[in-house]
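Here the structure comes first, spelled out in structure tokens, and everything after it is commentary.
The values are calculated or read from the model by the stated rules, or taken from the named source; none is laboratory data. Keep in mind that this is a model prediction, so the values were computed, not measured. As a convention, Cβ positions derive from the backbone with ideal geometry for all residues, glycine included, and neighbour counts pool all protein chains shown.
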Amino acid sequence: MEQLFAHLNELHKDIIPVVWVAFKTGLRISDVLELTTDCLVQLNGKYSIVTDIEKTFVQGHRIPIDENLAKILSVLISNSKENSTQDNNPEKYIFVRYQGIRKGKPYTQAWIRKHLNELAEKKNIVDENGDIFRFKTHQFRHTYAVKLLNGGADIFTVQELLAHASPEMTLRYAKLLDETKRKAFESVINQGVLNGEVQKINAGEDIPEDILQALWQEHKLNAMDNPYGTCHARLKGDCPHMEAPPCLTCNSGSPCKDLAIGFSELDIEKYELHIKTTRAVKVAKQHNREDMVEKHERNLQRYQGILNNIREGNIIFGRQDRIRRKYGVEHE
């Protein structure tokens, strides 16, 4: 992406704003191209894009944006309103053809992709193997997701921003991020930065795969996987929230009185995901890391208990007594 943005101003002038919107919102190109003149919303001085997501049938999807992108959209909206008629743009698109066989319709994804790939060839934009990069319009969405995860956003926030129907769809990006981190880790190891000279590795020589695997596992075993990423607080000193999520334990070991679990239809999927990310206990056992085993098992039991409860249709809410009193419901 750095190579693309270095030459962005040499793209077709109508494609440059498409790239910026896709890059800064994570919207699918198909959704970017169908943005209309009412897509920009300002609330309390902050800007958002509001649009319907066709693929996952989400209406009124809202994505926060920065002021720079808001300015770009304002210009596009103004131009569209000035140049549009009921004949040449009845749907009020901001990326629209005003004449020709596609009059009144948005630009095509193929047209966007064609110009991106022509720029790659012209400016020698290459992939990690040195080959000319072939742009796929979904790559802007991938980049947006990985940047959010890398910046510390939790998996459910990313799921909401991407309008994914389930956490599993978002987990693909988390897996991509983990693979990227592993490549960076291996690169550092190959440079000898973490070499304790226990085994001599000659310059330019690849470290045996079994040693890399062992080092990576040890790196992972010194952290705790959780639904928000991999916590490395253990490498710096214990994080006060590492052993248990504060929302589930801040009420003298019980869930927060203001936390309701089971109201949302996604809560079952959330706790299934919590349980998956806690299963690193198996790896910890294999490597005799009893300290990590204890912490993982405690969370696993907590998550499993909650999941069993809400699967039965129950709702866990610390203020149920207050609700009963408010609505005059007697205790059973």
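Summed over the stretch 63-84, the residues that are of a type in the set (Ser, Thr, Tyr) and in a loop (DSSP other than H, G, I, E, B) give a count of 1.
Selection of the stretch 85-110 for residues being in contact (Cβ under 8 Å) with a residue 40 or more places away in the chain, out of contact with any Asp or Glu (no Cβ under 9 Å at 6 or more places or on another chain) and not in a loop (DSSP other than H, G, I, E, B) yields only GLN109. Among the charged types (D, E, K, R) and outside any strand (DSSP E or B): does that describe ASP52? Against the criterion (among the charged types (D, E, K, R) and outside any strand (DSSP E or B)), ASP52 does not qualify. State yes or no: is ARG311 of a type outside the set (Asp, Glu) and either modelled with pLDDT of 75 or more or loosely packed, with under 12 Cβ neighbours inside 10 Å (or both)? In short, yes.
Go over the candidates ASP14, ASP52, ASP87 one by one and state the one that is in the same structural domain as LYS103 (by TED's automatic domain parsing) and either among the basic types (Lys, Arg) or over 22 Å from ILE112 (Cα atoms) (or both).
Result of the check over ASP14, ASP52, ASP87: ASP87.
Just wondering, is there one or more residues in the stretch 26-44 that are in a strand (DSSP E or B), touching a Cys at 6+ places or on another chain (Cβ under 7 Å), assigned by TED's automatic domain parsing to the domain that holds LYS105 and buried (at least 18 other Cβ atoms within 10 Å of the Cβ)?
No: zero hits.
Which residues, counting only those in the stretch 7-46, are touching a residue at least 60 places away in the same chain (Cβ under 8 Å) and either charged (D, E, K, R) or over 25 Å from ARG102 (Cα atoms) (or both)? Within the stretch 7-46, HIS7, GLU10, ASP14, PHE23, LYS24, THR25, GLY26, ARG28, GLU34 meet the criteria.
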